[in-house]
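Shown next, in structure tokens, is the structure this report addresses.
The values are calculated or read from the model by the stated rules, or taken from the named source; none is laboratory data. If you're wondering where the values come from, they're calculated on a predicted model, not measured in any experiment. Here the Cβ positions follow ideal geometry from the backbone for every residue, glycine too, while neighbour counts run over all protein chains shown.
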Amino acid sequence: MPRVQRSASVTWEGNVARGSGAISAASGAFSELPYSLASRVEQPDGKTSPEELLAAAHAACYSMSLAGELAEAGTPPEQLDVQATVTLDQVEDGSHRIVASEVLARARVQETDAATLNRLAAAASAGCPFTKLIEASATVTVNATLEGDPDGD
């Protein structure tokens, strides 16, 4: 894969407590997504946050990685539903850090079993660049279930 660069820009007005900003992607995929301290640490009220965007990026990256692992094993997925939950928390020195990302993946796949899915899910996590990025300073957990699996429904 060639070197890939993507960019986004932010405008921010005001102080951190009462200010607000807007996030836009250079690709045009999204524009002027509003965010603020309140949307980050309280109720989002229709606004996003850096943590929500990181969760979206982690879920998207992981789903592509899992799809690749499943296809390589000869069992491409019919559908993957992936949710990532990123946790921002206060740490010992009083600062705030991303401390975890929990990935929940539900897979509709023909001709595979839970053990195979779990093995491929772990390989997908190891191959996901966002997992590697987050693991540099936080914990990543992955839970994958097969759709229709009696233990996963």
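Picking from residues in the range 10-63 that are under 29 Å from ALA124 (Cβ atoms) and of a type in the set (Val, Ile, Thr), the one that is farthest from the chain's Cα centre (by Cα) is ILE23.
When you look at GLY68, is it of a type outside the set (Ser, Thr, Tyr), assigned to a loop (DSSP other than H, G, I, E, B) and more than 11 Å from LEU146 (Cβ to Cβ), yes or no? Criteria not met by GLY68.
Each residue in the range 127-140 was checked for being touching a Ser or Thr at 6+ places or on another chain (Cβ under 8 Å) and more than 14 Å from SER63 (Cβ to Cβ), and 4 of them qualify.
Pairs linking a residue in the range 102-127 that is not assigned by TED's automatic domain parsing to the domain that holds ALA71 to a residue that is loosely packed, with under 15 Cβ neighbours inside 10 Å and basic (Lys, Arg), with Cβ atoms under 8 Å and 6 or more positions apart or on different chains, do not occur. Selection within the range 1-37: residues that are of a type in the set (A, V, I, L, M) and under 27 Å from SER65 (Cβ atoms). The member of this set that is modelled with the lowest pLDDT is MET1.
Matching residues to (1) part of a loop (DSSP other than H, G, I, E, B); (2) outside the structural domain of ALA114 (by TED's automatic domain parsing):
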site	(1), (2)
PRO2	yes, yes
TRP12	no, yes
ALA17	yes, yes
GLY28	yes, yes
GLY74	yes, no
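Pairing residues of the range 32-49 that are more than 11 Å from GLY19 (Cβ to Cβ) with residues that are among the small types (Gly, Ala, Ser) and part of a strand (DSSP E or B), at Cβ distances under 7 Å and at least 6 apart in sequence or on separate chains, gives GLU32/ALA22; GLU32/SER24; LEU33/ALA22; PRO34/SER20; PRO34/ALA22; LYS47/SER36.
For (1) touching a His at 6+ places or on another chain (Cβ under 9 Å); (2) modelled with pLDDT of 95 or more; (3) of a type outside the set (A, V, I, L, M, F, W, C), each residue gets a yes or a no:
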{"position": "SER39", "(1), (2), (3)": "no, no, yes"}
{"position": "PRO44", "(1), (2), (3)": "no, no, yes"}
{"position": "THR48", "(1), (2), (3)": "no, yes, yes"}
{"position": "LEU54", "(1), (2), (3)": "no, yes, no"}
{"position": "ALA60", "(1), (2), (3)": "no, yes, no"}
{"position": "ALA84", "(1), (2), (3)": "yes, yes, no"}
{"position": "ARG97", "(1), (2), (3)": "no, no, yes"}
{"position": "VAL140", "(1), (2), (3)": "yes, yes, no"}
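Among the residues making up the range 118-140, those that are over 22 Å from ALA73 (Cβ atoms) and of a type in the set (S, T, N, Q) are SER137, THR139. Answer with yes or no whether ALA55 is out of contact with any strand residue (DSSP E or B) (no Cβ under 8 Å at 6 or more places or on another chain) and surrounded by 12 or more Cβ atoms within 10 Å (Cβ to Cβ). Considered against the rule, which asks whether it is out of contact with any strand residue (DSSP E or B) (no Cβ under 8 Å at 6 or more places or on another chain) and surrounded by 12 or more Cβ atoms within 10 Å (Cβ to Cβ), ALA55 comes out as no.
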